[in-house]
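Chemist: Got a structure for you, questions after.
The values are calculated or read from the model by the stated rules, or taken from the named source; none is laboratory data. What you see is a predicted model; the values in this text were computed from it and never measured. Neighbour counts are summed over all protein chains in view; Cβ atoms, including those assigned to glycine, are modelled from backbone coordinates with ideal geometry. Just so you know, the surface numbers come from the protein's heavy atoms only, side chains and all, with ligands and any DNA or RNA stripped out. Shrake-Rupley method; radii C 1.70, N 1.55, O 1.52, S 1.80 Å.
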Amino acid sequence: MSSTPDALSLTAPAKINVFLRVLGKRPDGYHDVETLMSPVSVADRLELQPLPAKKIKFTCSDATLPLDETNLVMKALRAFEQRTGVQQGWRIHLEKEIPSGAGLGGGSSDAAAMLRGLNQWQGFPLSEDDLRALACGLGSDVPFFLHGRPCLGTGRGEVVSPAKFPADLPLVLIKPPFGIPTPWAYQHWAGSQELPGVLYAPQLCPWGAMVNDLERPVFQKYTLLPALKRWLLDQAETFAALMSGSGSTVYAVARDPIAANDLAEKAQAWCGETTWVRVATTLGIR
Ligand code: C5P
């Protein structure tokens, strides 16, 4: 977070799921999960500037995103206003780097950054517990992004506690030109089948097992993704490969930073230019 006297600039990092176990469906329609999440170095940027009247001017570098009350940044603003009873005007600019429908938590991270930014601007009227309660109401991943460090998530993912996970792991993030709605992935988890010849089993790594139970339903419908995972695992530069969250991003942990650069170049050539490919690293404690 950085600030000038009249503006705030906030970093909203993406996340990867290092493991994601779905434990079962709950009476409220959500699924109980156990997941390890780490923030990564790819990030959106949220700029906040107060305006004199109660006017909201919201702009975004991505013209395809709705800038109305359905945007999680606006939902965060409304939740904050309602909780504090304070309403004022804002110029909000969102510089998007994290793709949508990617399983990288972009919208959730933007919402958490908005909550943190508003609270800072207004002199911290809300406690950490208050912010966490607002974050829970905005989405299962939002509380994780308030922490800004690797965390274990339980419940529907919103009960987060700090976890040990290495910083600076070299990653390649690959998101094909389609997104996956999270509700769809969870709805199809029960009864989904494994495809033959695809590695779903936990990949044992020095930092723990990497596995994602949502790969099963998602790979059945979006068959490019298991092909991409298989391709990544066949590359000498790859240490491990997994889908993040509900997809569509599949990421590789590379053997070292040079291998990550080489792998990203090969992946871009293999997938074509409509696929989003980024080299990144895991983030430790800020
Ligand atoms: O909490 P969030 O708004 O991100 O969740 C979006 C949808 O994903 C939920 O409405 C639900 O259908 C599904 N979901 C779930 N179990 C979770 C998280 C999300 O079933 N743990």
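Chemist: Ratio of the stretch 152-286's C-alpha Rg to 2.2 N^0.38 Å, to two decimals?
Modeler: 1.04
Chemist: Given the Cα atoms of the chain, and with Rh set as the inverse mean 1/r over their pairs in the Kirkwood sense, what is Rg to Rh to two decimals?
Modeler: 0.97
Chemist: How many Å² of accessible area per residue for the stretch 85-191, probe 1.4 Å?
Modeler: Computed with neighbouring chains in place, this is 38 Å² per residue.
Chemist: Can you tell me the orientation of helix 128-138 relative to the chain, as the angle in degrees between its alpha-carbon axis and the longest Cα principal axis, to the nearest 10?
Modeler: Long axis of 128-138 versus the principal axis of the chain: about 60 degrees.
Chemist: Using label points projected 7 Å from each Cα along Cα→Cβ, tell me how many nm separate Arg78 and Gln122, to one decimal.
Modeler: About 1.6 nm, to one decimal.
Chemist: With each run of n ≥ 4 DSSP H residues scored as -39500 (n - 2.57), what mean residue ellipticity at 222 nm is computed for the chain after dividing by its residue count and rounding to the nearest 500 deg cm²/dmol?
Modeler: -9000 deg cm²/dmol
Chemist: Over 29 Å between Cα atoms: which of Lys75/Lys175; Lys15/Lys55; Lys75/Lys221; Lys15/Lys75; Lys164/Lys229 fall into that group?
Modeler: Lys15/Lys55; Lys75/Lys221
Chemist: Å³ per residue of the Cα convex hull, for the stretch 48-128?
Modeler: Roughly 95 Å³ of hull volume per residue.
Chemist: Rounding to the nearest 10 and keeping the result within 0 to 90°, find how far the Cα-based axis of helix 257-271 lies from the longest principal axis of the chain.
Modeler: 80
Chemist: Hey, quick one: spin label on Glu34, modelled 7 Å out along Cα-Cβ, who in the stretch 142-176 has an amide N within reach, i.e. under 16 Å?
Modeler: It comes to 151-164, nothing else.
Chemist: Percent of accessible area on the stretch 1-147 owned by carbon and sulfur, 1.4 Å probe? It would help to have the intermediate numbers written out before the result.
Modeler: Working: 3210 of 6330 Å².
Carbon-and-sulfur percentage of accessible area, whole number: 51.
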